[in-house]
Amino acid sequence: MKILTYNINLSSQEKIDKVLGYEADVYILPEVACKEQVKFPGGYSMEWMGDFPHKGLGIIWKSDIKAEVPEWFNPKHQYFLPLLIGGKLIMAAWPTTTEQNKPMKYPQIAMTALLEYAPYIKEFPTVITGDMNCYKGQSGETKQYSILAIFDFLKGMDIVSIYHDMTGEVLGKESKATYYHQFKESLPFFLDYTFSNIPIKSYKLGDWDKTLSDHVPQFIEIE
């Protein structure tokens, strides 16, 4: 199964058409519009969550893949969207500040969701992927709520960051960036992660396409 994770930075039909051209089986798309505003060819299904129809978190997948949002999904977590596919848990992640969760910071938003979903993360072979909006040393992080705390928490369930596991690079000292603030090459950050306890056939970060996004895509292939 091929998974593409890509924060597309403001949804448009042109971007959707281009992203679908990557021919993945599952697309995790932060900042995508709701399914009433998105058009895609026949043979695809979509789940979406968000507070504004033009900007939320979406999962698009090929309709011949049997997938379902589990009954234990809790929409109060902005935005973590679980999908069960073939006995595996694919968790789309885009921790986002909203009116409902202020004044929580991104690491606390993420950790709060992960803590609630931990029993299911333990139960299923799991991939957690998306724009985590977290990096080492960011303003507002604490010992309890930080990307390092998230790494340690997931490691306790034998779930690791695939990029760091494959490259051997240390959190906070990555040789590549996944996000360029204000589209500036001089402001690189590593915000996009894939965590998994499933054997990975391949993983790579795509090239930065300024015409599409301030982020880069993640390409993941699992059995």
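Scanning the range 114-160 for residues that are out of contact with any Pro (no Cβ under 7 Å at 6 or more places or on another chain), over 25 Å from Glu71 (Cβ atoms), among the aromatic types (Phe, Trp, Tyr) and not in a helix (DSSP H, G or I) turns up just one, Tyr135.
Here's the yes/no breakdown for (1) farther than 18 Å from Ala93 by Cβ; (2) open to solvent by 20 Å² or more (accessible area, probe 1.4 Å); (3) of a type in the set (A, V, I, L, M, F, W, C):
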position	(1), (2), (3)
Ala177	yes, no, yes
Gln182	yes, yes, no
Phe189	no, yes, yes
Ile222	no, no, yes
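I'd like the residue in the range 121-167 that is among the small types (Gly, Ala, Ser) and crowded, with 16+ Cβ neighbours inside 10 Å and, out of all such residues, is nearest to the chain's Cα centre (by Cα). Only one residue tops the list, namely Gly130.
Among the residues of the range 97-140, those that are among the β-branched types (Val, Ile, Thr) and in contact (Cβ under 8 Å) with a residue 40 or more places away in the chain comprise Thr98, Thr126, Val127, Ile128, Thr129. Going by the conditions given, is Glu141 under 19 Å from Thr112 (Cα atoms) and modelled with pLDDT under 95? Spelling it out, Glu141 is indeed under 19 Å from Thr112 (Cα atoms) and modelled with pLDDT under 95.
Whether a residue is within 18 Å of Gln218 (Cα to Cα) and not acidic (Asp, Glu) was assessed, and Ile85 does not pass this test.
Identification of strands (runs of 3 or more DSSP E) wholly contained in the range 1-100 with 1 or more residues that are at pLDDT 95 or above and open to solvent by 50 Å² or more (accessible area, probe 1.4 Å) yields 2-5, 44-52, 55-62.
The values are calculated or read from the model by the stated rules, or taken from the named source; none is laboratory data. The structure displayed is predicted, hence computed values, not measured ones. Note that we place each Cβ from the backbone using ideal geometry, even for glycine, and neighbour counts take in every protein chain shown. All accessible areas refer to the heavy atoms of the entire protein, side chains included, with ligands and DNA or RNA removed. Shrake-Rupley method; radii C 1.70, N 1.55, O 1.52, S 1.80 Å.
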